[in-house]
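Here's the structure, in structure tokens; my notes come after.
The values are calculated or read from the model by the stated rules, or taken from the named source; none is laboratory data. If you're wondering where the values come from, they're calculated on a predicted model, not measured in any experiment. All Cβ positions, glycine included, derive from the backbone under ideal geometry; neighbour counts span all protein chains shown.
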Amino acid sequence: MASVRRDYYEVLGVERGADEQEIKRAFRRLARELHPDVSEHPDAEERFREAAEAYEVLSKAETRGLYDRYGHEGLNTGGFRPTSFDFTSLGDIFSVFFGEDVFGAGAGAQARRGGRGSDLLVETSIDLAEAAEGVTRPVAYEVAVTCPTCAGSGAEPGTRPETCPRCSGSGRLQSVSSSVFGQFVRTQTCPDCGGSGQIVTSPCPECEGAGQVVEERTVEVEVPPGIHDGQRIRLAGEGHAGAGGRAGDLYVLVHVRTDPRFLRDGNDILSTLDVTMTQAALGARLSVPTLDGELELELEAGTQPGTVRVLRGKGMPVLQGFGRGEHRVVVNVIVPSRLTDEQRGLLEEFERLAGEDTYRPDESFLDKLRAAFR
Ligand SMILES: [Zn+2]
Ligand SMILES: [Zn+2]
């Protein structure tokens with residue numbers, strides 16, 4: 001390990017005041033550039049470890065705070081130890097640091113033996129009405145599966161992988177180095193076998209030795225009633241196959257499309273109802289759209305703008321719970337904007353006849369608004 005350690009901000013190429021996102025972006029860019037599996041730089045591996053360590057420290061508020069105040073020594077006394085990296089492919093890096101598999105199936109070298117497969121994320125969009133009732137949705141995606149020809153060994157049928165002579169089958173190489181901060185034991189993935197501990201001399205023709213092939217798969221995803229926009233559904237074991245270990249999980253990110261007729265407020269639904277000035281004054285029976293279809297609403301004479309009518313149990317179902325929210329209908333009184341001479345005459349006549357008693361709301365408009373947005 002180098003005895004002069006570079007400043008972590010300098011390593012990542014960010015300002016000292018950089019936020020979480022900038023730090024993540026900077027490391028992601030460096031990781032792509034420097035990962036030993038893909039980089040041509042002669043010192044790529046050392047620089048990659050340096051970047052990974054810088055990211056590990058700066059991405060957590062606690063270690064970043066220590067480093068900002070006391071530098072490298074502060075971390076040492078604080079008991080911080082950088083993670084010993086044992087990555088075999090770029091895909092692994094990203095799933096460790098970012099919880100995602102950006103390269104999809106079959107990225108790069110052979111997967112670790114016994115390693116769990118990567119998780120996958122797919123997205124789907126449903127209507128608000130579907131979110132209210134629950135819906136089963138087919139979701140198609142590409143996934144890495146164990147190669148059927150070689151059953152995952154990567155070796156051509158009839159041949160066998162041989163034990164890697166460099167690491168004697170362990171898949172790892174260890175080295176001990178000393179520095180002013182003490183002794184460091186570094187574990188490194190064996191570069192000859194990529195960590196699998198085995199060398200394939202005649203690779204399987206179908207998967208070219210990877211042990212995995214990409215398959216198109218469709219699963220029926222059950223979206224439960226009451227789901228909110230942006231929630232994820234986990235399907236255990238439907239992600240990428242592992243190399244000997246279990247498969248990763250599939251996450252389905254559900255988008256709930258907005259419905260032009262409704263506003264969603266948690267489990268409640270809000271809508272507005274336009275009534276004419278005369279309907280509001282005289283009373284009316286009107287049809288309003290709800291999640292359950294059209295519903296008749298009786299408005300009494302003298303209904304004021306902003307009046308809220310609560311339809312209990314007509315909102316969204318409670319996710320994984322009981323009952324439903326409410327649907328609040330807010331009355332909007334519309335006033336004529338174009339009058340014929342005759343209509344104008346009638347309204348002027350009405351105004352002459354109106355007295356103090358004609359207009360007497362029993363609740364202020366503001367109180368009504370409060371009721372709508374509680
Ligand atoms: Zn194969
Ligand atoms: Zn090896």
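Name the single residue, out of those in the stretch 233-253 being part of a strand (DSSP E or B) and without any contact (Cβ under 8 Å) to a residue 40 or more places away in the chain, that is surrounded by the fewest Cβ atoms within 10 Å (Cβ to Cβ).
First, the residues of the stretch 233-253 that are part of a strand (DSSP E or B): 233-235, 243-244, 250-253.
Those left that are additionally without any contact (Cβ under 8 Å) to a residue 40 or more places away in the chain: 233-235.
Values: Ile233: 17, Arg234: 11, Leu235: 17.
Within the stretch 233-253, the match that is surrounded by the fewest Cβ atoms within 10 Å (Cβ to Cβ) is Arg234.
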Per the filter on the stretch 27-77, residues of a type in the set (Gly, Ala, Ser), at pLDDT 80 or above and not in a helix (DSSP H, G or I) are Ser59
Pair list, Cβ < 7 Å and 6+ apart or interchain, from the stretch 114-135 residues that are in the same structural domain as Glu215 (by TED's automatic domain parsing) to residues that are buried (at least 18 other Cβ atoms within 10 Å of the Cβ) and of a type in the set (Lys, Arg):
Leu128/Arg264
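If we keep just the residues of the stretch 117-146 that are touching a Pro at 6+ places or on another chain (Cβ under 8 Å) and of a type in the set (Gly, Ala, Ser), which is surrounded by the most Cβ atoms within 10 Å (Cβ to Cβ)? Working first, answer last.
Start the filter on the stretch 117-146 by keeping residues that are touching a Pro at 6+ places or on another chain (Cβ under 8 Å), which leaves 131-134.
If we keep only those that are of a type in the set (Gly, Ala, Ser) too, we end up with 131-132, 134.
Details: Ala131: 27, Ala132: 25, Gly134: 15.
Out of the qualifying residues, it is Ala131.
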Could you grab me the full set of residues in the stretch 278-292 that are modelled with pLDDT of 95 or more and loosely packed, with under 15 Cβ neighbours inside 10 Å?
Thr278, Leu282, Gly283, Arg285, Ser287
If a residue has to be closer than 15 Å to Ala281 by Cβ and surrounded by fewer than 18 Cβ atoms within 10 Å (Cβ to Cβ) to count, how many in the stretch 301-342 make the cut?
8
Every residue from the stretch 147-171 that is away from ligand 1 (no atom under 16 Å from the Cβ) and surrounded by 16 or more Cβ atoms within 10 Å (Cβ to Cβ):
Cys164, Cys167, Gly169, Gly171
Residue hits (the stretch 136-181; part of a strand (DSSP E or B) and free of Cβ contacts under 8 Å to residues at least 12 places away in the same chain) are Val176, Ser178
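For the stretch 217-224, state whether one or more residues are crowded, with 18+ Cβ neighbours inside 10 Å, touching a Phe, Trp or Tyr at 6+ places or on another chain (Cβ under 9 Å) and assigned to a strand (DSSP E or B). Before you say what the answer is, go through the steps one by one.
Residues of the stretch 217-224 that are crowded, with 18+ Cβ neighbours inside 10 Å, as a first pass: 221, 223.
Okay, now just the ones that are also touching a Phe, Trp or Tyr at 6+ places or on another chain (Cβ under 9 Å), so none.
No: the stretch 217-224 contains no residue that is crowded, with 18+ Cβ neighbours inside 10 Å, touching a Phe, Trp or Tyr at 6+ places or on another chain (Cβ under 9 Å) and assigned to a strand (DSSP E or B).
Could you pull out the residue among Cys204, Cys190 that is of a type in the set (A, V, I, L, M, F, W, C), away from ligand 1 (no atom under 16 Å from the Cβ) and under 30 Å from Pro157 (Cβ atoms)? Walk me through it before giving the result.
Working: Cys204 fails: away from ligand 1 (no atom under 16 Å from the Cβ).
The unique qualifying residue is Cys190.
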Of all the strands (runs of 3 or more DSSP E) wholly in the stretch 264-317, which have at least 2 residues that are more than 35 Å from the chain's Cα centre (by Cα) and of a type in the set (A, V, I, L, M)?
268-276, 284-290, 293-299
Within the stretch 193-216, can you find the residues that are surrounded by fewer than 14 Cβ atoms within 10 Å (Cβ to Cβ) and among the acidic types (Asp, Glu)?
Glu208, Glu216
